[in-house]
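So the structure is just underneath, and the comments pick up after that.
The values are calculated or read from the model by the stated rules, or taken from the named source; none is laboratory data. The model shown is predicted, which means the values in this text are computed figures rather than measured ones. Glycine also receives a Cβ, built like all others from the backbone with ideal geometry; neighbour counts cover every protein chain displayed.
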Number of protein chains: 2
Amino acid sequence: MTKKMVEKITNMDEDFAQWYTDVVTKAELVDYSSVRGSMIIRPYGYAIWERIKDALDTQIKETGHENVYMPLLIPESLLQKEKDHIEGFAPEVAWVTHGGDEKLAERLCIRPTSEVLFAEHYKNIIHSYRDLPKLYNQWANVIRWEKTTRPFLRTLEFLWQEGHTCHETEEDAHEETVKMLEVYAEICERLLAIPVVKGRKTEKEKFAGAKYTYTIESLMHDGKALQSGTSHNLGTGFAESFGIEFLNREGKLQPVHQTSWGFTTRIIGAMIMVHGDDKGLVLPPEVAPIQVLIVPIAQHKEGVLDAAYDLHHSLKSSVRIAIDASDKKPGWKFNESEMKGIPLRLEIGPKDIEEKKVVLVRRDTGEKIQVENEKIEAEISRLLKEIQENLYNKALGHRISKTAAAVTMDEFTGNLTKNGGFINAMWCGKQSCEDQIKEQTQATSRCIPFEQEQLSEVCVYCSEPADKMVVWAKAY
Amino acid sequence: MTKKMVEKITNMDEDFAQWYTDVVTKAELVDYSSVRGSMIIRPYGYAIWERIKDALDTQIKETGHENVYMPLLIPESLLQKEKDHIEGFAPEVAWVTHGGDEKLAERLCIRPTSEVLFAEHYKNIIHSYRDLPKLYNQWANVIRWEKTTRPFLRTLEFLWQEGHTCHETEEDAHEETVKMLEVYAEICERLLAIPVVKGRKTEKEKFAGAKYTYTIESLMHDGKALQSGTSHNLGTGFAESFGIEFLNREGKLQPVHQTSWGFTTRIIGAMIMVHGDDKGLVLPPEVAPIQVLIVPIAQHKEGVLDAAYDLHHSLKSSVRIAIDASDKKPGWKFNESEMKGIPLRLEIGPKDIEEKKVVLVRRDTGEKIQVENEKIEAEISRLLKEIQENLYNKALGHRISKTAAAVTMDEFTGNLTKNGGFINAMWCGKQSCEDQIKEQTQATSRCIPFEQEQLSEVCVYCSEPADKMVVWAKAY
Ligand SMILES: [Zn+2]
Ligand SMILES: [Zn+2]
């Protein structure tokens, strides 16, 4: 297995898709199985997910939410209760038709999302304004029957959290929708060093059954966009279909206002495609399962391994640190740690021991830094912060360099062809223009960003009056 | 909703099954849904599961295991690769036959357990003794198509962890099987205050596909047993069926030795049935989401609420504490906190404030203790420890009082009818005797306990020579 690790991977500018596949398999994040379109998340990949999950779960709880668990299976009749919702999801659900040897009277689908299950439960437990808000979240697996799949980015099954809340008023629901989008943006920017554009989806692109959908969009190395988290104001649609009503402060029955919001294992794909390079994965220190790898040099020489283990022992309470004391050559270990995206490598050999220093090597820049023994802990802490910031700034710089404004369709297609990336352009609000732009350019509307600019007075496509700037891009 | 909380629940000695249903619903641990046999785990129930999960996950990691995630769906052909395994599970799996509108070429089952998925992956990644051991675990949902279901105890879907490991030698696999059983026993005894009997399952009762199964068995308040965790030595059966081979230290190909072990949401049912009483749930402090509930007395009077919040503020870093400042009457709050099994109630009213003291009330004994202000923190800590111990000792006392030795079938049936509980009796090792005992008494062999006693020289059923003592009981 070790051999595979240091085989060359495909150059990212040559074939980005193949580079991605090489990285996810050779960095041992995933393995394939005989289940079409599903992935095995291996220990290194799952440890990354656990760090994301823990950070997000903490935020979800700190914002007042409680975790629950809903059933995996949904009866067909329940899924059908909200019309837009079933239309959106029916083509992509997996159906259970038999339990043991018995054919079921009613088909059950494996949840593609759990709005209808929450709705049914909320109807049972909400009666008065005193029961509101209900701020629930669940961590779960869901299945969507996709035709083409790629590890993390699009898989039949993925892991996620889905928040589902009920509120007294429209304003409360709106506030919640915004709040959770901000939580997602924080996780992306602070933990994963992925800069995001926040905005609202067009009617065409919003969630099936929502009043409106907010989204964070990020830009990959290859210039394609990736939807990185969504937060939906469901309005009273589900509440009306399911009869989730409460006695309000005036003693009248009214439907609750709902939201839902989700964040998935897909984000690991984004992190790989935003930060990775031709040597493999590059992990932001905040999310890296191992932040520092100690590689002993000439480890057969007396005192080297002892010194390496001493360092490991003295540092392990302040940093996630591991040691590679296997009998592989240092060169192999360097390549392996680079492939796995470990932020810092710490080299220690006989000469270093003599000179009371070690060498730290940054994964993001390749820079080598000699550090005296008494300064190691402080220097590691400083460097990890610097790497985290550098990755964010690099990604932001890349996004800025790949964002262009277009006032005409010539500029639109010209920029998109030449540079890829985000195209900012004005839009009249008609879905026909959105459809035409997609057909002609393959770019979809990513969002109507919260931060608007008035680039011109008219729609980039139809030249009719336009007051909305939309971000367009080809997307994963 | 609040009203329901303090409605009387069924007396446990009148109708234990109804008492159980009352408690799980009225303490708001679960709700039913339109999905037959599945449950909604509500915030209070899920918070208990999170505490169990966190404690067990820590132990699993400290014993060197790594978490992974395997697909939910298993192709029929893959499930069929190990003969005993498919025979055991085929009657109780749910089958997916359609994805969207398309009929699948091969049926997929929803995992009832994941041995075959791990086996397939292990075949891919294990080549040499250097790749061993592989110590993997996953937290997942599984489905078993049960006919009769009850919340936590038996549900179509449940949550669990399943460990799957590969080893070089039979001894290593044996050691792992024992080690993980010990981890489960610790979680039961230390965290959940449930005493367990450790032992080995008979051939009849072992896991489908295992060489042997170790189990921990606990005894419920009504005298019925509950299997609380199992650890299987799989031997080389799966390795041979799947071709999981490695080059050993002598350079020869050989199959790996495997184990698997699982612990489920079922244990919450055990905890309820071991500790609960006619007032509702009784939670061991270690696992209680709320350990202390502050109930202000005459909270409309000046200073009471302030004092209550001050207490909450000063104690919240050392104990899981909440305050009920709602406008319900104290009596309601007392009943509610008892129904929910909160270990300690802290009452504070005008007179207490004047006298610089509070009243603590134990859920397990009902005892009221006056505590001076400066001793509150220490006293809470002391009492929580005492309650934890008391619950364990009470449960152990109950088990001892409900355990009888039987040398003849008359004693066996007499004790079982009169007292329920565990019957210790000698067994010759023939399955026919085991079958007959089950048919005549409805008691099944729970295990061959590690701690053996030679109660007589002959089998309780057939009077042939016997050197194994078996624990028998009616079981959940
Ligand atoms: Zn237009
Ligand atoms: Zn016998």
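Here are some notes:
- Odd one out for residue A:388, checked against (1) away from ligand 1 (no atom under 16 Å from the Cβ); (2) surrounded by fewer than 18 Cβ atoms within 10 Å (Cβ to Cβ): (2)
- Count of the stretch A:70-110 residues which are more than 10 Å from chain B (Cβ to nearest Cβ) and within 11 Å of residue B:35 (Cα to Cα): 1
- When the stretch B:111-121 is filtered for residues that are touching a His at 6+ places or on another chain (Cβ under 8 Å) and facing chain A (nearest Cβ under 10 Å), the ones remaining, listed by number, are B:116, B:118.
- Filter result for residue B:96 (touching a Phe, Trp or Tyr at 6+ places or on another chain (Cβ under 8 Å) and either part of a strand (DSSP E or B) or not assigned by TED's automatic domain parsing to the domain that holds residue B:228 (or both)): yes
- Exactly one residue out of A:225, A:239, A:270, A:210 is touching a strand residue (DSSP E or B) at 6+ places or on another chain (Cβ under 9 Å) and at pLDDT below 95, and it is A:210.
- Considering B:389, B:411, the condition of being away from every other protein chain (no Cβ under 14 Å) and either more than 16 Å from ligand 2 (Cβ to nearest atom) or closer than 19 Å to residue B:227 by Cα (or both) is satisfied by B:389 alone.
- All positions within the stretch A:456-475 that are within 15 Å of ligand 1 (Cβ to nearest atom) and within 30 Å of the chain's Cα centre (by Cα): A:468, A:469, A:470, A:472
- Checking residue B:61 against (1) surrounded by fewer than 20 Cβ atoms within 10 Å (Cβ to Cβ); (2) farther than 19 Å from residue B:264 by Cα, the condition it does not meet: (2)
- Note on the stretch B:36-65: among residues that are assigned to a helix (DSSP H, G or I), touching a residue at least 12 places away in the same chain (Cβ under 8 Å) and more than 12 Å from chain A (Cβ to nearest Cβ), the one that is nearest to residue A:163 (Cα to Cα) is B:52.
- Considering residues of the stretch B:420-468 that are more than 13 Å from ligand 2 (Cβ to nearest atom) and assigned to a strand (DSSP E or B) only, the residue farthest from the other protein chains (Cβ to nearest Cβ): B:424
- If you go through the stretch A:124-159 and keep only what is within 9 Å of chain B (Cβ to nearest Cβ) and of a type in the set (Phe, Trp, Tyr), you end up with A:136, A:145.
- At least 3 residues being farther than 25 Å from residue B:9 by Cβ and touching a helix residue (DSSP H, G or I) at 6+ places or on another chain (Cβ under 7 Å) is the threshold, and among the strands (runs of 3 or more DSSP E) wholly inside the stretch B:297-396 those reaching it are B:357-362.
- Against the conditions (1) without any contact (Cβ under 8 Å) to a residue 12 or more places away in the chain; (2) closer than 25 Å to residue A:41 by Cα, residue B:171 satisfies every one except (2).
- Answer residue from the stretch A:23-32, given it is surrounded by fewer than 21 Cβ atoms within 10 Å (Cβ to Cβ) and touching a strand residue (DSSP E or B) at 6+ places or on another chain (Cβ under 8 Å) and is farthest from the other protein chains (Cβ to nearest Cβ) among those: A:26
- In the stretch B:229-279, the residue that is nearest to residue B:41 (Cα to Cα) out of those that are touching a residue at least 24 places away in the same chain (Cβ under 8 Å) and basic (Lys, Arg) is B:266.
- Against the list (1) farther than 24 Å from residue A:154 by Cα; (2) more than 15 Å from ligand 1 (Cβ to nearest atom); (3) surrounded by 18 or more Cβ atoms within 10 Å (Cβ to Cβ), the condition residue A:372 fails is (3).
- Exactly one residue out of A:355, A:302 is out of contact with any Lys or Arg (no Cβ under 8 Å at 6 or more places or on another chain), modelled with pLDDT under 95 and surrounded by fewer than 18 Cβ atoms within 10 Å (Cβ to Cβ), and it is A:302.
- Scanning the stretch A:341-371 for residues that are of a type in the set (Asp, Glu) and in contact (Cβ under 8 Å) with a residue 60 or more places away in the chain yields a count of 1.
- Members of the stretch A:408-432 that are surrounded by fewer than 17 Cβ atoms within 10 Å (Cβ to Cβ) and near ligand 1 (Cβ under 10 Å from one of its atoms): A:429, A:430, A:431, A:432
- Total residues in the stretch A:372-402, condition free of Cβ contacts under 8 Å to residues at least 24 places away in the same chain and closer than 30 Å to residue A:465 by Cα: 2
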